[in-house]
Amino acid sequence: MAVKYNGVRESRPNRFNDGFGSGKELAEKFKGGCLKRADRSFSQGLQCQEINGMQAVVSIEDSVLIAHAPQGCTGCVSMMADGYKVGQIHRHVEHVKNPRIFVTNLDQKSVVFGGEQRLRDTVKKAVERYNPKLVFIFTSCASGIIGDDIDAISESLRSEYPDQVIVPIHCEGFKSKVCASGFDATFQAINKYILKGEKADKQNNLVNLFAPTTISYRDQLEMERMLGLLGLEVNYVPFYSNYEKIKRIPAAAASTAICKVFADEFMLELEQDYGIPFSHTVMPIGLRNTDKWFMGIAKLVGKEEEAQKIIDAEHKRIEPLVDEIRSKLEGKRIFICGGTGRSFAAAALVSDFGMELVGLQTPTYDADAQIDIEYLNERQKDYVVDIANMEPFEQANLLRKLKPDCFLGVPTSAHKLGIPTTHVLDGKRPTLGYDGLIYLGNKMIDQLSNPGFNRNLAAHTKLPYKDSWYEQDAFKFITANV
Ligand code: SF4
């Protein structure tokens, strides 16, 4: 019998979450099977999987999220609240809400005597206040270490609150250094406690489109428009969805995801449990990737010819605009940092604009990344790859040495070093599909011609690094090197 995936990304073979090398070096080593797992003897900060788990469901209507954790574990909630509220405004929601997030506030006493009562009290408060359909309970390092049995507690809460679906999610931060494991933990719980293996009547033109929170509303509309051109109805989940849309997942004829990492494991599970085939290609950023992503889903539903016609028409419309952008960006040296799917997709995008990639930070390296890096290696000179979940100090060091003209992605340090910076993860602006590529290109031109904000920020900010750090090897803390 096949062993079921345990939700920890590192448990998959050939997945690397620490390391470095040049693009060509990494691709060669991975191909030859001699890329080794590494570690860091010093780490400045990792994104925790609990946050990814919470982010995956934060915008589901009629839900509350309960972190069974000390208060600090919900420190990133302000970021989620910002994205969630902007998302509602873009969707013309009249009364904009905060996300409904509770924390049980585990303290020293709970660590000694157990946190069960705090969890029960919090669920009671959440149900009394909001009467939600869904109650998501997230574990943390603390609740995991003291061994609070959230499955058993949830089971007994189900008889107390029969109108609520209680969904315990095992996402203790210490279980995985890859924050995307939090997506897997959440989807596994959704499958177990909401979908429950129940089969649904199939709808032939229905497609599940899995989207993370960092997708803007304009991007959602663009993806729905493109799939609509193939006559497909989109079940857009879990971002801004609801209980009914989640229950509809098994009725779909096929699944695809906007992000390459977000739901890849879940789509595999849906294929195994409900017979839903899925397309797993790339993130639709840039010309080549948008074509590939679109054709991937078209193949699944047998509409390749129609898709090719649409791609040709879109290219005719978009290519003159890409040429115009290329004339302004060609040769500019760029550094990219993002999630695994997005960083590689963005690197393909800058290749459309004739830009020179000098460095790339990605949280993981695996077989998917290998496909992307081989594509990049054919188009780019060699460049530095830092396999890092955050690690702003390495970004600062690399940027000081590489001196790129601009930066695209998550600027943990770049914006404070005076480098013109464009974000691709803020979920507020278009990034995806054919129109997103033009928006992003123009945004980079804008940043390059108006660098005042970053220059002023650099002039008035002091980063915590000494000159001696910038002189050292950025990867000196990576042990058991690639
Ligand atoms: S769950 Fe653990 S790793 Fe995550 S924020 Fe809390 S203490 Fe940190």
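Structure notes:
- For the chain, averaging the sequence separation of C-alpha pairs within contact (under 8 Å, six or more residues apart) and dividing by the residue count gives a relative contact order of 20 percent.
- The slack in the chain from Cys76 to Ala459, taken as 0.36 nm per residue of separation less the alpha-carbon distance, amounts to 135.2 nm.
- Listed values for the stretch 171-183 are Karplus-derived 3J(HN,Hα) couplings in whole Hz (6.51 cos²θ - 1.76 cosθ + 1.60, θ = phi - 60°), namely 9, 4, x, 6, 6, 8, 8, 9, 4, 5, 4, x, 4, and x replaces Gly and Pro.
- Projecting the Cα atoms of Leu26, Val3, Gln55 onto the charge dipole of the stretch 1-56, computed from C-beta unit charges around the Cα centre, puts Val3 farthest toward the positive end.
- For the stretch 218-232, putting each phi into the Karplus relation 6.51 cos²θ - 1.76 cosθ + 1.60 with θ = phi - 60° gives couplings of 4, 5, 4, 4, 5, 5, 5, 4, 4, 5, x, 4, 8, x, 9 Hz, in residue order, rounded to whole numbers and with x for Gly and Pro.
- Rounded to the nearest 20 debye, the dipole magnitude of the stretch 318-479 is 800 debye, with +1 charges on Lys and Arg beta carbons, -1 on Asp and Glu beta carbons, and the Cα centre as origin.
- Projecting the Cα atoms of Tyr375, Ser241, Gln447 onto the charge dipole of the chain (Cβ charges, centred on the Cα centre) puts Gln447 farthest toward the positive pole.
- Sequence-distant residues sharing a close amide H with Thr422 (under 5 Å, placed H): Phe407, Leu408, Gly409
- Among Lys303, Lys97, the order by Cβ neighbours within 10 angstrom, fewest to most, reads Lys97, Lys303.
- DSSP-loop trypsin sites (Lys or Arg not before Pro) across the stretch 429-482, with at most 14 other Cβ within 10 angstrom: Lys462, Lys466, Lys476
- If you look at the Cα atoms of the chain, you get an Rg and a Dmax of 22.5, 67 Å.
- A simple charge model with +1 on the Cβ of Lys and Arg, -1 on the Cβ of Asp and Glu and nothing else charged puts the dipole of the chain at about 760 debye relative to its Cα centre.
- The Cα-based radius of gyration and maximum Cα-Cα distance (Dmax) for the stretch 49-176 are 14.5, 47 Å.
- Residues whose placed amide H lies under 5 Å from that of Ser22, excluding near-sequence neighbours: Val385
- Sites Gln272 and Arg429 - FRET efficiency at Förster radius 41 Å, r taken between beta-carbons, to 0.05: 0.65
- Rounded, prolate or oblate (a/c below 1.5 giving rounded, otherwise prolate when a/b exceeds b/c) for the stretch 203-306 by Cα gyration tensor: rounded
- Under-5 Å amide H pairs with Gly286, H placed in peptide plane, nonlocal only: Gly433, Leu437
- For Lys416, the aspartates and glutamates whose Cα comes closer than 16 Å to its Cα, not counting residues fewer than 8 places off in the same chain, are Glu391, Glu394, Asp405, Asp467.
- Residue exposure sequence - Phe266, Phe393 - by fewest surrounding Cβ within 10 Å: Phe393, Phe266
- Net lengthening on full extension, Ile146/Arg225 (0.36 nm per residue, minus Cα-Cα): 23.6 nm
- Rounded to the nearest 500, the helix-only mean residue ellipticity at 222 nm of the chain stands at -13500 deg cm²/dmol, with each DSSP H run of n ≥ 4 adding -39,500 (n - 2.57).
- Hz values of 3J(HN,Hα) by residue in the stretch 435-443 - Karplus curve (6.51, -1.76, 1.60), Gly and Pro given as x: 6, x, 5, 5, 4, 5, x, 5, 5
- Rounded to the nearest 20 debye, dipole of the stretch 49-176 from Cβ charges on Lys, Arg, Asp, Glu: 320
Readers should treat all values here as calculations from the given coordinates under stated rules, not as data from a laboratory. If you're wondering where the values come from, they're calculated on a predicted model, not measured in any experiment. As a convention, Cβ positions derive from the backbone with ideal geometry for all residues, glycine included, and neighbour counts pool all protein chains shown.
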